[in-house]
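Q: Once you've had a glance at the structure underneath, I'll fire off some questions.
The values are calculated or read from the model by the stated rules, or taken from the named source; none is laboratory data. Bear in mind the structure is a predicted one, so any value in this text is a computation, not a measurement. A quick note on method: Cβ atoms are made from the backbone with ideal geometry, for glycine too, and the neighbour counts reach across all protein chains shown. Just so you know, the surface numbers come from the protein's heavy atoms only, side chains and all, with ligands and any DNA or RNA stripped out. Shrake-Rupley method; radii C 1.70, N 1.55, O 1.52, S 1.80 Å.
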Protein chains: 10
Amino acid sequence: MSTDFGDLLETFDNPYAGRNYTIEHTCPEFTSVCPKTGQPDFGTLVFTYVPNELCIELKSLKMYLQRYRNEGIFYEHITNRIMDDFVNAVKPRWANLESRWTPRGGLSSVIVVEYPDSEDE
Amino acid sequence: MSTDFGDLLETFDNPYAGRNYTIEHTCPEFTSVCPKTGQPDFGTLVFTYVPNELCIELKSLKMYLQRYRNEGIFYEHITNRIMDDFVNAVKPRWANLESRWTPRGGLSSVIVVEYPDSEDE
Amino acid sequence: MSTDFGDLLETFDNPYAGRNYTIEHTCPEFTSVCPKTGQPDFGTLVFTYVPNELCIELKSLKMYLQRYRNEGIFYEHITNRIMDDFVNAVKPRWANLESRWTPRGGLSSVIVVEYPDSEDE
Amino acid sequence: MSTDFGDLLETFDNPYAGRNYTIEHTCPEFTSVCPKTGQPDFGTLVFTYVPNELCIELKSLKMYLQRYRNEGIFYEHITNRIMDDFVNAVKPRWANLESRWTPRGGLSSVIVVEYPDSEDE
Amino acid sequence: MSTDFGDLLETFDNPYAGRNYTIEHTCPEFTSVCPKTGQPDFGTLVFTYVPNELCIELKSLKMYLQRYRNEGIFYEHITNRIMDDFVNAVKPRWANLESRWTPRGGLSSVIVVEYPDSEDE
Amino acid sequence: MSTDFGDLLETFDNPYAGRNYTIEHTCPEFTSVCPKTGQPDFGTLVFTYVPNELCIELKSLKMYLQRYRNEGIFYEHITNRIMDDFVNAVKPRWANLESRWTPRGGLSSVIVVEYPDSEDE
Amino acid sequence: MSTDFGDLLETFDNPYAGRNYTIEHTCPEFTSVCPKTGQPDFGTLVFTYVPNELCIELKSLKMYLQRYRNEGIFYEHITNRIMDDFVNAVKPRWANLESRWTPRGGLSSVIVVEYPDSEDE
Amino acid sequence: MSTDFGDLLETFDNPYAGRNYTIEHTCPEFTSVCPKTGQPDFGTLVFTYVPNELCIELKSLKMYLQRYRNEGIFYEHITNRIMDDFVNAVKPRWANLESRWTPRGGLSSVIVVEYPDSEDE
Amino acid sequence: MSTDFGDLLETFDNPYAGRNYTIEHTCPEFTSVCPKTGQPDFGTLVFTYVPNELCIELKSLKMYLQRYRNEGIFYEHITNRIMDDFVNAVKPRWANLESRWTPRGGLSSVIVVEYPDSEDE
Amino acid sequence: MSTDFGDLLETFDNPYAGRNYTIEHTCPEFTSVCPKTGQPDFGTLVFTYVPNELCIELKSLKMYLQRYRNEGIFYEHITNRIMDDFVNAVKPRWANLESRWTPRGGLSSVIVVEYPDSEDE
């Protein structure tokens, strides 16, 4: 996967910067392509974060996620990459991304990434 | 948004002041207007608080929330502003406001504000 | 509200006194009257406690709760008062009372009281 | 209620006219005002119809329904009136409108109108 | 049970008389008293009807149902009696009343009365 | 199984005899014993009937059903036998008995008997 | 698939032969093998029938169904074949077999066979 | 939309041709593109049919449905078109296609097409 | 209650002794008799434990629980007694027993006992 | 049980090694055989882990689990053995395996194993 979609993400100024509060956005309509089989994957993405100076602009988040529609990428890779793009754009105090995937071969999967990583602390 | 609705909120004396106990009020019929698109937004507000000397009077809370019906205001802004008005009127020991919004563009959102903010401690 | 129902509550000796264990009784059929509007209120009461020397006798608890059927009393008041009567009769190590009320004016409420109060510790 | 919103409804040519098939649109975000109390009402509208030459255009249906936001009108009246506007615009072979309303005073309501009325047959 | 509550029921003119449509009102907060044990009964009443010239006025229905709060009356009797009062006041084309009762002695009950009775036809 | 429990069932005069209406009683706490394995069986019984001159008295129904607690009898047999006893006592216009059984060996079962049998018509 | 399992099915005399009543057995633990991919299939089978002279013996039904554990056979084929074996053994007045299969490649399937076939009538 | 995907659908011989039975396939992972907004649509397709000489081959059905992934086409059009392709390939005795679509602008939709159309009869 | 059932419980050697892992067994089909009213009680028992050298043998646990079928014993007593028998037989590192009882007089109950008791620590 | 299936498990390089994140795979289609009765067991396995250098390859996990199809092995044994094979192949930072089993003799079971065991710490 060659392209970088991260700069599609837009932000606006947090109207209550300086206060700790939590924002959660759920996207039940995510789809990408399995790079091994060429078959489409379908999942739900849940973003939860404590904003710092910036909040994610919802329409840009939607447009960003749609860009994965025809990309071939594995569950583990895609979740971490979207998290990196999100953190890079929003620079939150704390964030969590959970991706839940519909069954393939009888197995369903969930990937969860948290920021900052406890390794970094 | 010019008007200030905060003084619509009325209170009554906490009949068991001095004791820590929790009160939760859920309003599944909140509606305001998106300032960007002019389209109505619909959500559920959940207030949870530990009262100090005062309790919120339910009818005044209902009337206060109805005043947002034709106001144009973003999710992040509205949740924090209602929390400020609530805390200003009730002066609770602790409070939490959760707003859950119906899907827009395939994305649904939840905003959670807690008082006092851990920043303040 | 003039009458005192507390002495309707009966107890029996805890058959395993000296051991910490938890008892929960749920009453989904509680009703009283709103003192402001005269309209009936309907709710569910959940008692959870760790007994000391005594356990609450279930039939007496049922008879006690039925005495509120035609009493005019607010949510916040009733939950604390029932908790006081319960603690006075059973003298538990720990107790919690949660009252959940059906919607009024589009708003539903929950009140939670715990014993002992953290204030007292 | 003075204004007539019916001409807000737009249609497009049924791409499979001549075939009997069924279309259902559900709007869980309808709100109007009770003409008696001035309080907002909240409901879900479900349109089901068999198109003839025309199909309802979804965005115009949304805009039409939003026009009731500040109108004072009773459940029974509103459901029949919206059905009349819908039938007038779309001229379906068959149609059904169901409105489900959130509780008021402990009572929740559902109104169902079918077209053509069996009286007419 | 001596009193007659039926004249508490008020009606208003059906705004779409001459058209067959269906109205359903659900009251999940009904309570009366068992004449045998003196214990309170709790149930949900569902009225479904096709109006003729008249519709039931909701607030009067609520007040009417509250009058059973301290009346001692059996399930089978109460459901038929309320149906008679309803039909007498509203004179519907068709009506159905379903009462669903919470468990007593491990047994829960449902009573359903329809008007007109097929016997009458 | 030697004993006959049928005369435990008591009835009372139908207060609205001459009218067709439906009564349903659900008993989720039925238990008997499998005659083959000696293991207990657990099930839910649902009685639905249109009364004629008589209604079943609920407490006697409960006592009657408890008599099967230590009886060894198969699903198909028990459901038909209880139906025969019920019809014999109540003499309803119409009746239906559904017994739903918890899983045994990974298989769960439902038996449904209707009266009058279509064979008899 | 070479073997014939049908004679594993055992029956017992219907204790209420001559009466129309319905028996339903649900097996949520059926598994066979896809003849194309060699992968296991998992499904739920629901047998519903009106017995004539015979009822199916449950343990023999369980043993019969377990024999498909390592058989390679398609959904459409297996459902019809099991129905044929069942009808051959039990000779019911009426029967229905529904097989519901877990998702494969994002598609889940249900097969329903009824006896007697309307073609035969 | 220019291309014709219909010849992607493959069939196999109905192993029980001559018997009426029902097959249902559910695809909860359908996605296409709205031709008006360019935004992706997400839906669930449910095929139900009584086969004649042929059954649909599941893998080819999956591949066929995936071809709509980047096609711009309206709900009403797509459901009828897929039904035409399905009927053309499988030539069933009877078929039904239901498409259920996730909310857009607060409105969710369902389209149902049956074959043969009652018009044709 | 005179008899002691505890020696009905059998165990087998924990195949992974030395490792902390958790085993949970749920019995939704427990029944005993209320010593006050003589009426049957119905409940669900959930055993959760970390084994030490021994695991409970499931069939013996089933036989042990069935012995309470005709015993008269209160909720609080029975839960503690079964826990004592279980701990005595299995000698677990940690255990928890939760009994959930169906409604009696409108009140449902849950009893929870943990081993070792925090008092003992 | 003689064979060792552990080397069927394949892995791939963790694309974000060095970061703590969580992966969960759920297999609702696990089946083995009870060594005591010879009857099949059915369960759901949930693997949750924090990868180190390696991630489990899903297709190999599926093939590995299918190898237990005709193996006779107890719940407690199988869960620990699969955990050992998984940890041996993937060498995760942390892992948890939960197996949930369908009812046998009215009792359903859950086994939970965590790695590393707290004993080892």
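Q: Restricting attention to region B:56-65, does a residue exist that is assigned to a loop (DSSP other than H, G, I, E, B) and away from chain C (no Cβ under 12 Å)? Write out each step before concluding.
A: Keep residues of region B:56-65 that are assigned to a loop (DSSP other than H, G, I, E, B), which gives B:57.
Filter once more, so that each one left must be away from chain C (no Cβ under 12 Å): none.
No; the residues of region B:56-65 include none that is assigned to a loop (DSSP other than H, G, I, E, B) and away from chain C (no Cβ under 12 Å).
Q: Find all pairs meeting these conditions: Cβ atoms under 8 angstrom apart; at least six residues apart or on different chains; first residue within region I:92-109 and away from chain C (no Cβ under 11 Å) and farther than 28 Å from E:THR102 by Cβ; second residue outside any strand (DSSP E or B) and open to solvent by 10 Å² or more (accessible area, probe 1.4 Å).
A: I:PRO92/I:ASN52; I:ARG93/I:ASN20; I:ARG93/I:ASN52; I:TRP94/I:PRO116; I:ALA95/I:VAL87
Q: Those residues that are more than 21 Å from I:TYR75 (Cβ to Cβ) and not in a loop (DSSP other than H, G, I, E, B), I need them from region I:1-19; list them, please.
A: Once the filter is applied, which keeps residues that are more than 21 Å from I:TYR75 (Cβ to Cβ) and not in a loop (DSSP other than H, G, I, E, B), region I:1-19 yields I:ASP7, I:LEU8, I:THR11, I:PHE12, I:ASP13.
Q: Test each condition in (1) at the interface with chain A (Cβ under 9 Å from one of its Cβ atoms); (2) open to solvent by less than 10 Å² (accessible area, probe 1.4 Å) for B:GLU114 and report the one that comes out false.
A: (2)
Q: Within region C:53-63, track down each residue that is open to solvent by less than 30 Å² (accessible area, probe 1.4 Å) and either among the hydrophobic types (A, V, I, L, M, F, W, C) or touching a Gly at 6+ places or on another chain (Cβ under 8 Å) (or both).
A: C:CYS55, C:ILE56, C:LEU61
Q: Which of the following residues is outside any helix (DSSP H, G or I) and either among the charged types (D, E, K, R) or surrounded by fewer than 19 Cβ atoms within 10 Å (Cβ to Cβ) (or both): E:ASN70, E:ASN88? Break it down stepwise before answering.
A: Details: E:ASN88 fails: outside any helix (DSSP H, G or I).
Testing whether each residue is outside any helix (DSSP H, G or I) and either among the charged types (D, E, K, R) or surrounded by fewer than 19 Cβ atoms within 10 Å (Cβ to Cβ) (or both) leaves just E:ASN70.
Q: Suppose we filter A:TRP101, A:TRP94 for residues that are open to solvent by 60 Å² or more (accessible area, probe 1.4 Å) and either basic (Lys, Arg) or at pLDDT 95 or above (or both); which single one remains?
A: Numbers: A:TRP101 fails: open to solvent by 60 Å² or more (accessible area, probe 1.4 Å).
That would be A:TRP94, the only listed residue that is open to solvent by 60 Å² or more (accessible area, probe 1.4 Å) and either basic (Lys, Arg) or at pLDDT 95 or above (or both).
Q: Then there's this: Do the conditions hold for E:VAL50, that is, is it surrounded by fewer than 19 Cβ atoms within 10 Å (Cβ to Cβ), in contact with an Asp or Glu (Cβ under 9 Å, 6 or more places away or on another chain) and at pLDDT 95 or above?
A: Numbers: surrounded by fewer than 19 Cβ atoms within 10 Å (Cβ to Cβ): yes; in contact with an Asp or Glu (Cβ under 9 Å, 6 or more places away or on another chain): no; at pLDDT 95 or above: yes.
Considered against the rule, which asks whether it is surrounded by fewer than 19 Cβ atoms within 10 Å (Cβ to Cβ), in contact with an Asp or Glu (Cβ under 9 Å, 6 or more places away or on another chain) and at pLDDT 95 or above, E:VAL50 comes out as no.
Q: Could you grab me the full set of residues in region C:73-85 that are touching a Pro at 6+ places or on another chain (Cβ under 9 Å) and either open to solvent by 30 Å² or more (accessible area, probe 1.4 Å) or part of a helix (DSSP H, G or I) (or both)?
A: Step one: of region C:73-85, the residues touching a Pro at 6+ places or on another chain (Cβ under 9 Å) are C:73-74, C:76-77, C:80-81.
Across region C:73-85, the qualifying residues are C:PHE74, C:GLU76, C:HIS77, C:ASN80, C:ARG81.
Q: Restricting attention to region G:44-55, which residues are assigned to a loop (DSSP other than H, G, I, E, B) and either in contact with a His (Cβ under 8 Å, 6 or more places away or on another chain) or more than 9 Å from chain F (Cβ to nearest Cβ) (or both)? It would help to see each step written out before you state the result.
A: First, pick out the residues of region G:44-55 that are assigned to a loop (DSSP other than H, G, I, E, B): G:51-53.
Correct list: G:ASN52, G:GLU53.
Q: Do we find a residue being within 30 Å of E:LYS59 (Cα to Cα), modelled with pLDDT of 95 or more, outside any strand (DSSP E or B) and open to solvent by 40 Å² or more (accessible area, probe 1.4 Å) anywhere in region D:20-43?
A: Scanning region D:20-43 turns up no residue that is within 30 Å of E:LYS59 (Cα to Cα), modelled with pLDDT of 95 or more, outside any strand (DSSP E or B) and open to solvent by 40 Å² or more (accessible area, probe 1.4 Å).
Q: Let me ask you something else. Report, ordered by the first and then the second residue, all pairs with beta carbons closer than 9 Å, sequence separation of six or more or different chains, a first member in region E:8-24 that is more than 11 Å from chain D (Cβ to nearest Cβ), and a second member that is part of a loop (DSSP other than H, G, I, E, B) and open to solvent by 50 Å² or more (accessible area, probe 1.4 Å).
A: Cβ pairs passing all conditions: E:LEU8/E:ARG67; E:THR11/E:GLU53; E:THR11/E:LYS91.
Q: Then there is this: Step by step: first the residues of region D:70-83, then only those that are at the interface with chain E (Cβ under 9 Å from one of its Cβ atoms) and charged (D, E, K, R), then the one that is farthest from D:LEU8 (Cα to Cα). Which residue is that?
A: Of region D:70-83, the ones at the interface with chain E (Cβ under 9 Å from one of its Cβ atoms) are D:74-77, D:79-81, D:83.
Pick out the ones that are also charged (D, E, K, R) and you get D:76, D:81.
Numbers: D:GLU76: 22, D:ARG81: 14 Å.
So the residue we want is D:GLU76.
Q: I would also like to ask the following. Just to be sure before I move on: is I:PRO40 without any contact (Cβ under 8 Å) to a residue 12 or more places away in the chain, on the phi < 0 side of the Ramachandran plot and not hydroxyl-bearing (Ser, Thr, Tyr) in the structure I sent?
A: Working: without any contact (Cβ under 8 Å) to a residue 12 or more places away in the chain: yes; on the phi < 0 side of the Ramachandran plot: yes; not hydroxyl-bearing (Ser, Thr, Tyr): yes.
Yes.
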